[in-house]
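Chemist: First the structure, which I've put down as C-alpha cells, then a few questions once you've had a look.
No value in this document is a laboratory result; all are computed from the given coordinates. Just so it is clear, the model here is predicted, and its values are computed rather than measured. All Cβ positions, even for glycine, are placed from backbone atoms using ideal geometry, and neighbour counts span all protein chains on display.
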Amino acid sequence: GENVEQHPSTLSVQEGDSAVIKCTYSDSASNYFPWYKQELGKRPQLIIDIRSNVGEKKDQRIAVTLNKTAKHFSLHITETQPEDSAVYFCAARGNTGGFKTIFGAGTRLFVKA
Amino acid sequence: GAVVSQHPSWVICKSGTSVKIECRSLDFQATTMFWYRQFPKQSLMLMATSNEGSKATYEQGVEKDKFLINHASLTLSTLTVTSAHPEDSSFYICSATGTLDQPQHFGDGTRLSIL
C-alpha cells in the first residue's frame, strides 16, 4: 500500500521567512496530493492540493510542487506569519484501494514573531 | 459549501460503555466517508472506508467488531466503539467526499475519553 513520509517533523522559522515541508510517496499510482493545516484540537483544513498532471500550483503565499518521477512533493509558505503556526500534513491518494488518502506524519510549524 | 458535521464533540464515559459517533454531510451527498483516529501529536490513521449501502472496508489491524460502522444514507455515517476501554481513548475524525475525485472534507472530530 501507499506510504507517505514527511520531513521535517518540527520546523521553526522567524516571521517573514519562508517555510518548506517535503514529502515522498511510494505508490506511483497516486495522483492527488492535498495538504492540510490542523490547529490544536481542530479539524484538518485543506489549504492547497495538486494533481499529478500539474507540476506546480500557487495560491497567494502558499505553493506546492510535485515531482512525479522522484515521487516527492513539497509545500512552500512564503512571508510566514504567526497565524501560520500549526501542524501541516501532506497526503497522497490514488484511484484504487477505495480512494484512500494516506497522510504523512505531520510537521509542527512554529513561526516566531 | 461542503460542510461535515460530527457529533458529539466530546465524550467521557466509563470503561465497558459503547459510544456512537455521528458524521453528517450537511450540504452534499457523501458517497464515501472515512473514519480516522488520531493520538496526541500523531498523524491521522485511517480506520475504515464506508460507502453508502455497503459494508465498510477496514484497515489492517482495526477490529471490525470493535468499531462498528454504518453508512445508511448518503448524508450519515456512524461509528460505534463497542465496550470501550481506556486504550480506545483518542480523537476520532470523520471525513466525507461527494465524488472520489474531489477533496475530503473533515468533521470537527470527537474526543473520546474512557475512564
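Chemist: Over the stretch B:1-56, what per residue volume does the convex hull of the Cα atoms give, in whole Å³? Let's see the in-between values first.
Modeler: Numbers: hull volume 6.9 nm³, N = 56.
Taking the convex hull of the Cα positions in the stretch B:1-56, it is 122 Å³ per residue.
Chemist: Full-extension gain between B:L115 and B:S18, please, as 0.36 nm times their residue separation minus the C-alpha to C-alpha distance. Could the numbers behind the result be given before it?
Modeler: Numbers: separation 97, 0.36 × 97 = 34.92 nm, distance 1.27 nm.
Going from the current span to full extension adds 33.7 nm.
Chemist: Okay, next question. Taking only the alpha-carbon positions of the protein assembly as shown and ignoring solvent, what does the Debye formula give for the base-10 log of I(q)/I(0) at q = 0.08, 0.11 Å⁻¹?
Modeler: -0.29, -0.55
Chemist: Quick one: putting +1 on the C-beta of Lys and Arg, -1 on the C-beta of Asp and Glu, what dipole do you get for the protein assembly as shown around its Cα centre, in Debye to the nearest 20?
Modeler: On the way: 23 positive and 22 negative charges, 41 e Å.
Computed charge dipole of the protein assembly as shown: roughly 200 debye.
Chemist: Can I ask one more? Using a Förster radius of 30 Å, what is the FRET efficiency between B:W10 and B:N70 based on their Cβ-Cβ separation? Nearest 0.05, please. Before the final figure, lay out the partial values.
Modeler: Numbers: r = 22 Å, r/R0 = 0.72.
Approximately 0.85, to the nearest 0.05.
Chemist: Can you give me the pair-distance distribution of chain B, C-alpha pairs, 5 Å bins, whole percents?
Modeler: Bin by bin from 0 Å, the calculated values are 2, 13, 24, 26, 20, 10, 4, 1, 0.
Chemist: From the P(r) of the stretch A:1-63, could you give the percentage of C-alpha pairs in the tail past 15 Å?
Modeler: Values: 1249 of 1953 pairs.
Of all Cα-Cα pairs in the stretch A:1-63, 64 percent lie more than 15 Å apart.
Chemist: Would you mind giving the mean number of other chain beta-carbons within 10 Å of the Cβ of each residue in A:36-45, as a whole number?
Modeler: That works out to 4 on average.
Chemist: Pairwise over distinct Cα atoms, reciprocal of the mean inverse distance: report the Kirkwood radius of the stretch B:52-115 in Å, one decimal place. Working shown, then result.
Modeler: Numbers: mean 1/r = 0.0754 Å⁻¹.
Result for the stretch B:52-115, one decimal place: 13.3 Å.
Chemist: Also, I was wondering about something else. For the pairs B:K14/B:K66; A:K22/A:K68; A:K42/B:K66; A:K22/A:K100; A:K42/B:K41; A:K37/B:K20, note any where the Cα-Cα span goes beyond 18 Å.
Modeler: Working: B:K14/B:K66 16 Å; A:K22/A:K68 14 Å; A:K42/B:K66 25 Å; A:K22/A:K100 21 Å; A:K42/B:K41 13 Å; A:K37/B:K20 27 Å.
Distance filter (> 18 Å) returns A:K42/B:K66; A:K22/A:K100; A:K37/B:K20.
Chemist: Follow-up. Can you tell me the Rg and Dmax of chain A, counting just the alpha carbons, in angstroms?
Modeler: 13.5, 44
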